Amino acid sequence: MRLSPLVSRTMHASCVVTLLCAGTLSAQITSGGTILTGDGGTRETLESIFIPPKLNAPFSLTLETEWIRPLPHGGTYTSQNRRHIMRDSAGRIHQERWLLTPKNSSKLQSTMNYIQVSDPAAHTLYNCEVASKRCYLLTYTGSTAIAYKPSVGATEALPDGMGFRTHESLGTNTVAGFDAQGYRETVTLNPWAEGNDQPMVTTWELWYSPHFGISLLSILDSPRAGKQVFTVTEISAAEPEHSLFTVPEGYSVVDRRKTESPSD
């Protein structure tokens, strides 16, 4: 049984949260060498919009992210970041990765923790850690010969009586100054399809640019993961600076390609 990505995202929306072993987050080493442990805790990893290695469609954009989650007794908790993404005519991609911070907090400022540079012709991905100024060289599997399209499907029942999926076409609109095609998919899981004692509904709305091959606006609303909003607020179709697609100046390189497992 092969489920569509939205169905899989609905059933496993908690994939954006990576659970750690008990005590990992709260373990502390005291001055006397004693290790103090705790239980529970999570480390959050939010999936963003997908950037394919597309030829002859360069851009520079600003992506704003909001992750809104409900509090147990009402209200919400919102975290956010803002980052830059560039792609050149050869399909090379430069992405900043910033930590999420609480919205409207004056005490915490976001930090850029990684710079990622991928090259589909060279099959290289440099994952550069800002704090250590070290780039880990990995194998990049994206290809400009592949057509990448959003995972939107038909209105249909889910396998094994799990529920139902509804697909809607929202027409064409302008997002960040460019034409985009809108789609909305709603997946309803029947009670006990995935441990839920009531029907569980997830919606995914996206506004997709055929020219750039990316979503200019994407909204995922899930009972498990909360509401995730990815908005392109600024975008230019001009060719980015060549230097953005090389290893950042002052960074060392560690080649991890020989140590990658077959599943990487």
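Every number here is computed from the coordinates shown, using simple stated rules; none is lab data. Nothing here was measured: the structure is a model prediction, and the numbers come from that model. Neighbour counts run over all protein chains shown; Cβ positions are idealised from the backbone, glycine included.
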Summed side-chain charge close to Tyr114 - residues other than Tyr114 whose Cβ falls under 13 Å, Lys, Arg +1, Asp, Glu -1: +2
Simple label model, 7 Å out from Cα along Cβ direction - Thr259 to Asp160, nm: 3.8
Hz values of 3J(HN,Hα) by residue in segment 150-165 - Karplus curve (6.51, -1.76, 1.60), Gly and Pro given as x: x, 7, 10, x, 8, 6, 6, 6, 7, x, 6, x, 6, x, 8, 10
Debye intensity ratio I(q)/I(0), log10, segment 84-213, q values 0.21 Å⁻¹ (C-alpha model): -1.09
Extension gain (nm, one decimal) between Ser132 and Glu47, 0.36 nm per residue minus Cα-Cα: 28.2 nm
Cα centroid of segment 92-122 to Cα centroid of segment 135-214, whole Å: 24
Linear extension gain, Asn104 paired with Leu170, 0.36 nm per residue minus alpha-carbon span: 20.5 nm
Estimated FRET transfer efficiency (Leu71, Leu36; beta-carbon r; R0 25 Å; 0.05): 0.35
5 angstrom amide H check on Phe178, placed H, neighbours 5+ away: none
